[in-house]
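The values are calculated or read from the model by the stated rules, or taken from the named source; none is laboratory data. These figures come from a predicted structure and were not determined experimentally. Quick reminder, even Gly has a Cβ in these numbers, built from the backbone with ideal geometry, and neighbours come from all protein chains shown.
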Amino acid sequence: MNFFFSVLVIDRPRKPIQLVSLAIVNEAGEAYYAESGEFNIFDASEDKRSIICANLDQTHPKKLATIAREAQAFVGDSWVKFWAYNEVKEFEVLCRLLFDDDSVELWPNLYSELKDELQRNPPGMEEMQHNHHALANAQWVRDTWLWLRNRQVDASPGSGISE
């Protein structure tokens, strides 16, 4: 099963990456979205603080343990592949939230960047407009993945857009 994700994080030099919000969308369009209550807004740059404040409602912030449990339940136990636009560092945050450290060697097999697929195929789908809302971005990744798969432009083995 393919899942499409986006996260909003606070990432500062010499500080741990902090999850602000997480969105995961499955192929059917069903979504999981959560906002963390466990980040320090003052660790973010001034620009990032304005992005965070503009995109979160924080009416129901959750603990990271709750987000992990709910996201794991949403993804389920089947084999999965996660797609993002271009978020390698953020994928590490997702993996640390969803999986134990013993599975770290599996992480590269679970992740693909949609940006790579767009570069291999002719233009036609708009580039991602980062609106800094995790759910909107994850839905865009899913829609773009479906668009590429349906075009069947590159049907060669290893193209990455197969089911």
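The selection criterion, being surrounded by fewer than 11 Cβ atoms within 10 Å (Cβ to Cβ), at pLDDT below 75 and not in a loop (DSSP other than H, G, I, E, B), does not hold for GLN129. Counting the residues of region 40-61 that are surrounded by 16 or more Cβ atoms within 10 Å (Cβ to Cβ) and not charged (D, E, K, R) gives 6.
Condition (residue is of a type outside the set (Gly, Ala, Ser), modelled with pLDDT under 95 and surrounded by fewer than 12 Cβ atoms within 10 Å (Cβ to Cβ)) applied to region 18-39: is it met by at least one residue? Scanning region 18-39 turns up no residue that is of a type outside the set (Gly, Ala, Ser), modelled with pLDDT under 95 and surrounded by fewer than 12 Cβ atoms within 10 Å (Cβ to Cβ).
Restricting attention to region 74-89, and to residues there that are of a type in the set (Gly, Ala, Ser) and in a loop (DSSP other than H, G, I, E, B), which single residue is surrounded by the most Cβ atoms within 10 Å (Cβ to Cβ)? Lay out the reasoning, then the answer.
As a first pass, look at region 74-89 and keep what is of a type in the set (Gly, Ala, Ser): 76, 78, 84.
Then drop every residue that is not in a loop (DSSP other than H, G, I, E, B), which leaves 76, 78.
Numbers: GLY76: 11, SER78: 6.
Per the stated criteria, the residue is GLY76.
Are any residues in region 27-64 among the basic types (Lys, Arg) and outside any loop (DSSP other than H, G, I, E, B), and if so, which ones? Within region 27-64, LYS48, ARG49, LYS62 meet the criteria. Among what's in region 40-79 and is within 17 Å of the chain's Cα centre (by Cα) and of a type in the set (D, E, K, R), pick the residue that is modelled with the highest pLDDT. By that ranking, first place goes to GLU70.
Within region 138-147, being surrounded by fewer than 21 Cβ atoms within 10 Å (Cβ to Cβ) and either among the aliphatic types (A, V, I, L, M) or at pLDDT below 85 (or both) holds for LEU146, TRP147.
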